[in-house]
Every structure is written in C-alpha cells, then in structure tokens.
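Notes follow the structure.
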Amino acid sequence: MTDVTAAGPTGAGKGSLLNQDDRTGKRNRAEGRFKMYGLIAVCIGIGMLVLLLISILSNGLSSFQQTTLRIQVDLPEDKLDKSGVRDPSVMSKVTTFGYAPLLRDGLVATLAANGIETELSDKDVAELISDESVAQLRNRVLANPDVIGTTIEVNALASGRIDGYYKDRVTMASAERDSNISPEQLQLADRLKEAGLLGTSFNWLFFTAPDASDTRPEAAGLGVAILGSLYMMLIVLVLALPIGVAASIYLEEFAPQNRWTDLIEVNISNLAAVPSIVFGILGLAIFINFAGLPQSAPIVGGLVLTLMTLPTIIIATRAALKAVPPSIRDAALGLGASKMQSVFHHVLPLAMPGILTGTIIGLAQALGETAPLLLIGMVAFVREYPDSPLDGGFFDPATALPVQIFNWTQRSDPAFVERASGAIIVLLLFLLVMNLTAIFLRRKFERRW
Amino acid sequence: MKDTNMTENAVTTDTPKITARGVQVYYGDTHAIKDVDVEIAANTVTAFIGPSGCGKSTFLRCINRMNDTIPIARVEGDIRIDGEDIYDKRVDPVQLRAKVGMVFQKPNPFPKSIYDNVAYGPRIHGLSKNKADLDEIVENALRRAALWDEAKDRLQQPGTGLSGGQQQRLCIARAVATAPEILLMDEPCSALDPIATAQVEELIDELRQNYSVVIVTHSMQQAARVSQKTAFFHLGHLVEYGETGKIFTSPEDPRTESYISGRIG
Ligand SMILES: Nc1ncnc2c1ncn2[C@@H]1O[C@H](COP(=O)(O)OP(=O)(O)OP(=O)(O)O)[C@@H](O)[C@H]1O
Ligand SMILES: [Mg+2]
C-alpha cells in the first residue's frame, strides 16, 4: 500500500503542498471566471429590476396623493328640495346641473371670504374644481338630506390640470398652450394654497372609486377593478386548488402507469404552455356564446383563469408529490395503512409547502393576466360596483386590475399615465403580498418537518 | 448468551404459518426469485441469509405483498398464511399488512414526532381506547425496541432527528406497536452497536412466543444466535433451508458451505 503512493514520480501529488501546481491553478482560475459570469448575470438582473421599479415608482407614486379644495357651500332649500318634504324620489330629480352652480358660488364666496381677488370669471374659477366633485356633492346631499338649508364644508377634488400642476405634470408654460387651463387659473390655485384652502392628502379614492371618464382622470380609481380581481381570484382558488390537487393526487398516486396516463401527462404539460389568449377565445366560445354567461362578469373571467391556472397547479403539485421519498409511502403501507391513509396522513402534508407555493404562483399569474380578459369583455367601462358574491356579484360586470391598467394606458390625457403607474404599483403590492404569503405558508408547514 | 436458545428452540411446532410454493418474482425482465418453496413455522425465528442482491428482501416483500407497490414487479406462485392464499383476489393487502408487519432495510421513520411514529399504527387500527392506553402501547413498544431510555425525554421531537441506529430501533418499535402476527425484519441490526443488537435480539426471541419472525441478516453469528430455521438464498434460488444448527454445522450444498465459511458473497 505505502509503496504504491510513495512511489510513482508521475503521480499527481508530487511536489510541495505550499506551491500551487499548474492544474490546480488552472482549475481555480476557471472557477473564478465562472463565479464572475454568475455575478455579472445577477447584477444585470438586479439592475433591470431596479430600473423598472424606479420608472414605475417615479411615474406612479404621485397617484396616491390627490389635490383637494376646501370650500364652504350653501345648500339652499328652494334649489334642492322645493317641496320641503325631503322625499328622495323628488330630490333626485335635481341633477348635477342643479348642483354645479352651488359649488361654483361656494368657491367664489370662499375666495371672497378669504380676501383673494381674481380677474377670472366665475366660470373660469369653477374650472379649478373637478366635475366629479359636483356628483360627489349631490350624492352626499341625497344620502343625508338634513344638510339642506345649511352651509357645509366640502373637500372638492381639484381638476386634473390643477392636480397635475402640483405633481409637476402641468407648468405655466404648458398651461399657455392648454385650452383646458390658463396660467391665471394656476396662479389662483397657488394663492388658494397659500390661504390653506388647497392642499394634497392621501388619495383613498384611488383604491375605492370606480373608473372615471376620459375627462376626469382625477376621479379615476381602482375600486371596481380590485373587487373584480378579488372575485376572480376567489373563483380560481375555490375551483383550481381542489380540482388541481385532486387530479394530481390521482395521477401521481393512484392512476396506473399506462399509455392513457402518459397522454394525459403530456397534454397537461402542453396546456401549461398554451398562450393565455387562447384560453380567452375558449372562454368566449364556451362560457359566453355557448353557456350564455354574461360578458364582463368575474364568473367568466374566473373560469377562464381557472383553466389557465390548473396546469400550473397540477404540475407543481405533482412535482411536490414526486419529491416525497417513496420510503415514507412504504412505511405507511407496511404498517397496514390504506393507500388513501398513506397519501393523506403522510405524503400530502409533506408535499403541502410545494403545493401551496405552486398554487400561489398560479394565482399570481392569474392576477396579472390580461389578454384572455380582454376577449371576454372585461375591458368595458364599468362604474357600478358588483354586488357581494352572495347577491350574485360574480355575474355583475366588473373589470380587473391588469385590464384597468391596460385601459388607462390607452387614454389620451397624460394624467392617466400616472393612474396606470399607480395601478401597477397596487398590482405589484398584491403580488408581493401573495408571494410573502407563499413564503410564510411554506415556512409554517415546513416546520412540521 | 443466545446459544442456549438455539438448542432448546430446536424443537418447534410443526404447523406451518407461511407456506410458499413455486414462487417466482420478476422485476420487468429480471428474474429475481426463482421457484422458491418454503414453509415457515409459527412461533419460530427464521433467518434469510445470502449474498447481496440474491433476493432476500424481494422474497420478504412477497409475504406482505409490498411488491404490489412496485409497478414493474410481478409475483407468481402460491403463498399461504394459515392456509389462506394471500394473493387471492378477495384478500385486501391493507388488511394483510396489518397482520404481517415489516421493518424495512433502510430506516424510514415518518417526519413526525417519535411518539406519533410509534402511535401511528395503533391509531389507524384502533388498538387503543384512550390516550393513556396509547401512551402505554408507545412506551411498551419503545422499551421492547430498546429505545425507551434514549427517547423518553424527547417523545415530541422528530423521529428523523435520531441517529441511524436509533431510527432503526424506532422503526422496530413502530412495527411492534401494531401487534402483527408475523414480523418481517430486513436487516434490523445493520446500523446497531453490539449492545443495541443484543437488545433487539432479545426482543426477537421474546416476540417468538407469540409471533413468527422472519429476519434477513448478513451476520452469520446473528442468524445462529436468534433463529431456529435458516434459509440460504443464492442468485434468486433458495439453495438450502433447514434447522439453523444443521445449516451452520453440516450444510448439504457446497454453495452454502462456501458462503458460510466466507468464500462467496
Ligand atoms: N425495485 C426494483 N426494481 C428492479 N429490480 C429490483 C428492484 N428491487 C430489487 N431488484 C433486483 O432484484 C434482485 C434482488 O434484490 P433484493 O433487494 O431482493 O436483494 P437482497 O438479497 O435483499 O440484497 P441485499 O442484501 O443487498 O439487501 C437484485 O438483482 C436487484 O437488482
Ligand atoms: Mg435487501
């Protein structure tokens, strides 16, 4: 033995250990190069991500702030409810045209009360306020008729241009060329701001308000889109998780290995690679044209996204089941457990982290999916909130977050770019929360070894 | 210490617990067990010996139909337990495995607590009426597998956190807790130190009072110490089967002789 190692002048181990030989040096250099390539790749990836985040955040963060005006508004009874009986059906006959002058007069009076003088006409002054504020005032009065006959303080939305002025989107120079706003109006806004009557605050309406028309970007919100996405995620979760897990368990643990199961397996893998728009066409043909479900409804969107998510969940679940060592199944079966007991007591709990991760990744994919939803009409302009799911809300028209983003990027007013970027931030936050949930669940289940 | 057993146990009852006739096992095209006939008596310890890869585990797995779980495995022939064909269509393998316990060659504790590992069998078979009952079964099983002293303070810790030898004893405890009629042990002492081995051998001897035990072992000394009957397998054939004393002192087949004296395997 000792002879063999000690002899051999051709052996690899000759020479001092303190000097690196050629081969070792070469190997180390190759390893160093490889590490560097990896590091470069990681840096490129991170750099792209940072660029993306910077561009989105710089465009979109401002949508979480909104400019409002504090105005004292008189609500004379003879204009709003001549009869004086506060009958809602009579009161609602007064349209927004009846309320617009009240708001205008209120603003003019507020200016006067605070000693702000202006050469602008009352009509131009009123342009500082968003049209949406009139509708909001009307809703407020109809909801609470007691305020009629009194003077109330209104936090009116500033118009999109004024809002843009305080977000550096509109400047004096651009206002010169803009038919919707004049530099004088901007100066008036500045003076209102000095008097503390105009200010910016957190934009809750962005999360709760429905979409708004092209001329009112300041009022556009994600309320309907968030609800629609939530409804669809619920449908996907309730349908895709049990179906996907049941199918995987059957295929992985119970089904005989033959040509049919091979065929099914290949098809499921292919299905996962089918472009999502194809699922949209399928949904249009089957759920809307054939089954007669309503267009733009979360139920159809949810079903289409379920079809799309199923392969992802099945593949992830099967991989998770496969990763459970067979010796665990043997151990359970050897003790006289039935197949089902061995699966549900031992295999499934061990596969749970993988299944949950797959499911959440599938859900996250579905949440960001746009193309199939365009085909089933979810890009519609929807201002009505869908009802609660218990009242058939799944069948009411709604939009979805990614579709709303798409929709806003199609509009001409640059204020909608801000809205779209803001919506992207919201979408990314939702995805972040989902991924954190996945990590949390994985940790929680893994702790049970 | 067990040598005395060997002689006094040489007399055993003649009712066969397990009878195998013309058993063939194929893994796909591999013919792993070739025409094996064997009769295993009740209340005896039977040792399977033979070189690695000769089919000991494969034959053992036929007795509780664990080969059913290997898609490519095919078993032919006739195996009876108490005269009943266990490959009969009416036999539910799950019921069979509750009666024929098994300790696997590689320790395979569940990734659950030590307690839950041992309690799993009794739980699914409804062997305990209440928690105290179950505690007793678990303690008993762990004591018999010589693991109690090491495990009693960490019953709620994961079984997978034990050492290799401890895991092996945990698997023995788990199999014993289900109270099977026949216990198949595939190299149960391969990772145990001499003291734990002696304890497990003591357990095997004790189990013999009520059960039939079939043990696969690579240790001739162990086979000689614990078993009353020994079967020598070689390349899928059952070469020689008989009283342990006779196999080790005067084997009939030259292959047995050379294996025992260390020339094959
Ligand atoms: N699952 C399997 N699939 C295919 N062939 C197998 C399988 N299990 C065992 N075999 C083959 O069957 C033959 C017998 O294997 P077996 O495990 O029964 O041997 P053994 O006697 O238990 O050996 P050891 O002492 O090493 O455990 C071997 O040739 C092996 O390659
Ligand atoms: Mg073996």
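When Cβ neighbours within 10 Å are restricted to other protein chains, what is their mean count per residue of peptide B:85-97?
Numbers: counts 0, 0, 0, 0, 0, 0, 0, 2, 4, 9, 2, 1, 7.
Per residue, the number of nearby Cβ atoms from other chains is 2 on average.
If I stretch the segment between residue A:243 and residue A:388 completely, what's the gain in nm (0.36 nm per residue apart, minus their alpha carbon distance), one decimal?
Details: separation 145, 0.36 × 145 = 52.20 nm, distance 2.46 nm.
Stretched out fully, the residue A:243 to residue A:388 stretch lengthens by 49.7 nm.
Using the alpha-carbon atoms, what tilt in degrees (0 to 90, nearest 10) does helix A:96-113 show relative to the longest principal axis of chain A?
So the helix axis and the longest Cα principal axis differ by about 80 degrees.
Mind counting lysine pairs for me in chain A? Cα separation below 22 Å, and the two need to be 8 or more apart along the chain or on different chains.
Value for chain A: 9.
For the protein assembly as shown, compute the orientation-averaged projected area of the C-alpha convex hull (one quarter of its surface), in nm².
On the way: hull surface 204.8 nm².
Mean projected area of the Cα convex hull: 51.2 nm².
Size of the dipole of the protein assembly as shown about the Cα centre, Lys and Arg at +1 and Asp and Glu at -1 on the beta carbon, nothing else charged, in debye to 20? Provide the component values of the computation, followed by the final result.
On the way: 66 positive and 78 negative charges, 298 e Å.
It works out to roughly 1440 debye.
Taking R0 as 45 Å, what FRET efficiency do you get between residue A:381 and residue A:263 from their Cβ-Cβ distance, rounded to the nearest 0.05?
Details: r = 44 Å, r/R0 = 0.99.
Once the sixth-power term is evaluated, E becomes 0.50.
Would you mind telling me the antiparallel percentage of the DSSP bridges in the protein assembly as shown, rounded to 5?
Working: 38 of 55 bridges.
Bridges in the protein assembly as shown that DSSP calls antiparallel: roughly 70 percent.
Which of the lysines could be linked to residue B:152 by a straight reach, that is with a Cα gap under 24 Å, when you skip same-chain ones fewer than 8 residues away?
B:106, B:112, B:129, B:131
What is the dipole size for the range A:358-444, taken about its Cα centre, with +1 at each Lys and Arg Cβ and -1 at each Asp and Glu Cβ, in debye to the nearest 20? Could you put the intermediate results ahead of the total?
On the way: 6 positive and 7 negative charges, 103 e Å.
Result for the range A:358-444 is approximately 500 debye, rounded to the nearest 20.
Any idea which of A:85, A:404, A:385 is furthest toward the positive side of the dipole for the protein assembly as shown, if Lys and Arg beta-carbons carry +1 and Asp and Glu beta-carbons -1?
The residue sitting most towards the positive pole is A:404.
Would you work out if the range A:64-219 is rounded, prolate or oblate? Take a ≥ b ≥ c from the square roots of the eigenvalues of the alpha-carbon gyration tensor; rounded if a/c is under 1.5, else prolate when a/b is larger than b/c, oblate otherwise. Working shown, then result.
On the way: a/c = 2.05, a/b = 1.55, b/c = 1.32.
Prolate, since a/c reaches 1.5 and a/b exceeds b/c.
Find, to one decimal place in angstroms, the Kirkwood hydrodynamic radius of the range A:223-445, where the mean of 1/r is taken over every pair of different Cα atoms and then inverted. Numbers along the way, then the final one.
Details: mean 1/r = 0.0531 Å⁻¹.
Taking every pair of different Cα atoms in the range A:223-445, averaging 1/r and inverting gives 18.8 Å.
Considering the options A:247, A:231, A:263, tell which one lies farthest towards the positive end of the dipole of the range A:135-287, charges being +1 on Lys and Arg and -1 on Asp and Glu at the Cβ, about the Cα centre.
Result: A:231, furthest along the dipole toward the positive end.
Tell me, A:46, B:18 in order of fewest to most beta-carbon neighbours within 10 Å?
Details: A:46 10, B:18 22.
Fewest-to-most Cβ neighbours within 10 Å comes out as A:46, B:18.
Whole-Hz Karplus ³J(HN,Hα) for the range A:432-437, in order, using 6.51 cos²θ - 1.76 cosθ + 1.60 and θ = phi - 60°, x for Gly and Pro?
Rounded to whole hertz, the list is 4, 4, 5, 5, 5, 4.
Expected output is a single nm value to one decimal: the length gained when fully extending between residue B:195 and residue B:152, i.e. 0.36 nm times separation in residues minus the C-alpha distance. What is it?
Values: separation 43, 0.36 × 43 = 15.48 nm, distance 1.86 nm.
The residue B:195-residue B:152 span can extend by a further 13.6 nm.
Net charge near residue A:59: determine it from the other residues with C-beta under 13 Å of the C-beta of residue A:59, scoring Lys and Arg +1 and Asp and Glu -1.
On the way: positive: A:167, A:169, A:419; negative: A:168, A:418.
Cβ neighbours under 13 Å give a net charge of +1.
Every read-out reported here was derived from the displayed coordinates using simple, explicitly stated rules and does not represent laboratory data. These numbers were taken from a predicted model, which means no experiment stands behind them. Heads up, the Cβs are rebuilt from the backbone with ideal geometry, glycines too, and the neighbour counts pull from every protein chain shown.
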